[in-house]
Amino acid sequence: MRGLACLLMLLPFAQSFASELKIGIASLDVTPKLDPKKPVYIAGYGPNRKATGVLDPIMARAIVWDDGKQKMAWVSIDVVGLFHDFAVSVRKQLPQYSHVLISSTHNHEGPDTLGLWGPAPVVSGVDPEYMTFLEKSCLDVIKAAEAKSIPVTSEIGSIHIPEWLTDNREPYVKHDELVTLLFKDPKTKRPAGVLIQWNCHPESLESKNTLLSSDYVVSTVKRLEKEYGCPAIYMTGTVGGLMTTFRLKIQDDQGRELKDGEIAKTIRYGEIIAEKAIESLKKSEPIQLTPFAIHTQRILVPMENPLYQAIWGMGVMKRSAYRWTGNPLEKNPVEIKKVSGVSSLITEVGYLKLGSLEVACIPGEIYPELVIDQVQNPVDPGADFPNAPVEPSIYGNLKSKHRMLIGLANDEIGYIIPKRQWDEVAPYCYGRKKNQYGEINSIGPDAAPIICGAFRDLVIKAKAK
Ligand SMILES: [Zn+2]
């Protein structure tokens, strides 16, 4: 009797925690139309790479989450990146959602959506009509995912696969953990959806390719959909510093080594990533993904890169800019219309808790060093800011067993480089004659301290609630 009373007392308490999770996953073809009068410029690598055909469609994929109290939508699009203004505009049209996250896979074989890869170096390759279509497509794909939403149980698997990444920049540090979530219909016990999060540049078709493609992502998604007989979604993670497929040794069925840039290599790499996700699920464990706790912080980051300032000033990079006051949490940022001193951009960091899964949402291409606490210490004496403090690592703040990082989340501000590893001025690190690639595509050396600091403060504030 006493036992039963205890149980009855516990019931409402238990229910408040174990709310039912519903999810739905959908996809939509968002391939730009090819029209000889209006070329589609392919993003990534150099300017003036005009699309001549379609290898596989550019897709927008969405997962809609519902914990009974709050609804969330995550969208992943096969493009190079989307600015914060884009996410803000989509969100305004979805007031019924507690949170909408827009991310890009950082695909280097899709249309220019940032403005950096037009017909000439400082001419935008963005088609405004396509951007309007893409925005509407986000709404459509979210709606389609919601229509497919069903109650599910969830399991999670993860696997470390450093052998399937190349790091193109010293110091060589990889964020090599692949995370997979598998959702099942509790009635039929059959898979209802799969989400994979991986940390690599979809750029394996390289710079000479002129066919629109999502690079290896399509093969990963297809292979997973075939295995589980349900829709899949690919989310990109830690891709900075620089996580790529170049020089990976991959063979075909006959044992022939596939070359970089070869379509067969791209397809095989995508399949391998899916096979690793399947392997990760062989040792999966059930995970409770409700309730949701959503925390976001708007921040300002100074646009210190003179190249970014110049192209923004020329209207090539179309996004709002603000006066930089030195305060990333400035309450009343003043919008500016032309370059005057150092300006800043508004962006956002997010900390999402889905039951016992912690998710870091980072607005660009963060270096693995900053995620897994491996910033060089001591730093190479050639670095420009050798005394800059080591940033608080992203995963250092996440204490749950299960975690995930979504990169290019609600923005693409470029590389987020540990400040003390910033290396633009001679002498260069590691005895190099030339500086390594990276800084030219970063908003500036203060991005990492501001973003990592803001993320740490956001988690501290969230946990104090
Ligand atoms: Zn990149």
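The table below gives the values:
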{"quantity": "Unmet requirement for MET72, which otherwise passes all of (1) surrounded by 21 or more Cβ atoms within 10 Å (Cβ to Cβ); (2) touching an Asp or Glu at 6+ places or on another chain (Cβ under 9 Å); (3) closer than 22 Å to CYS230 by Cα", "calculated": "(1)"}
{"quantity": "Residues of the range 37-51 satisfying the condition of being in a loop (DSSP other than H, G, I, E, B), under 23 Å from the mean Cα position of the chain (by Cα) and either more than 16 Å from the ligand (Cβ to nearest atom) or surrounded by 14 or more Cβ atoms within 10 Å (Cβ to Cβ) (or both)", "calculated": "ALA43, GLY44, TYR45"}
{"quantity": "Filter result (away from the ligand (no atom under 11 Å from the Cβ) and either of a type in the set (S, T, N, Q) or buried (at least 21 other Cβ atoms within 10 Å of the Cβ) (or both)) within the range 229-245", "calculated": "PRO231, ALA232, ILE233, TYR234, MET235, GLY237, THR238, THR245"}
{"quantity": "Set PRO328, PRO333, PRO363: member being in contact with an Asp or Glu (Cβ under 6 Å, 6 or more places away or on another chain), at pLDDT 95 or above and either in a loop (DSSP other than H, G, I, E, B) or surrounded by fewer than 19 Cβ atoms within 10 Å (Cβ to Cβ) (or both)", "calculated": "PRO363"}
{"quantity": "Residues located in the range 246-273, provided they are small (Gly, Ala, Ser) and surrounded by 12 or more Cβ atoms within 10 Å (Cβ to Cβ)", "calculated": "GLY261, ALA264, GLY270"}
{"quantity": "Whichever residue in the range 210-228 is within 16 Å of the ligand (Cβ to nearest atom) and part of a loop (DSSP other than H, G, I, E, B) and, among such residues, is farthest from PRO39 (Cα to Cα)", "calculated": "TYR216"}
{"quantity": "Residue identified as in a helix (DSSP H, G or I), closer than 26 Å to LEU405 by Cβ and more than 15 Å from the ligand (Cβ to nearest atom) among VAL141, VAL100", "calculated": "VAL141"}
{"quantity": "Condition broken by ILE299, with the remaining ones in (1) away from the ligand (no atom under 16 Å from the Cβ); (2) among the hydrophobic types (A, V, I, L, M, F, W, C); (3) outside any helix (DSSP H, G or I); (4) more than 19 Å from the chain's Cα centre (by Cα) satisfied", "calculated": "(4)"}
{"quantity": "Test: residue in the range 398-415 that is within 15 Å of the ligand (Cβ to nearest atom), farther than 26 Å from LEU458 by Cβ, at pLDDT 95 or above and part of a loop (DSSP other than H, G, I, E, B)", "calculated": "no"}
{"quantity": "Filter pass, GLY125 being of a type outside the set (D, E, K, R), surrounded by 20 or more Cβ atoms within 10 Å (Cβ to Cβ) and in contact with a Gly (Cβ under 8 Å, 6 or more places away or on another chain)", "calculated": "yes"}
{"quantity": "Of residues in the range 376-393 being within 21 Å of LEU458 (Cα to Cα) and not acidic (Asp, Glu), the one surrounded by the fewest Cβ atoms within 10 Å (Cβ to Cβ)", "calculated": "PRO389"}
{"quantity": "Qualifying positions in the range 304-322 - touching a Gly at 6+ places or on another chain (Cβ under 8 Å) and among the basic types (Lys, Arg)", "calculated": "LYS318"}
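The values are calculated or read from the model by the stated rules, or taken from the named source; none is laboratory data. Every value quoted in this text rests on a predicted model; they were computed, and no experiment measured them. For neighbour counting, all protein chains shown are included, and Cβ atoms are generated from backbone atoms with ideal geometry for every residue, glycine included.
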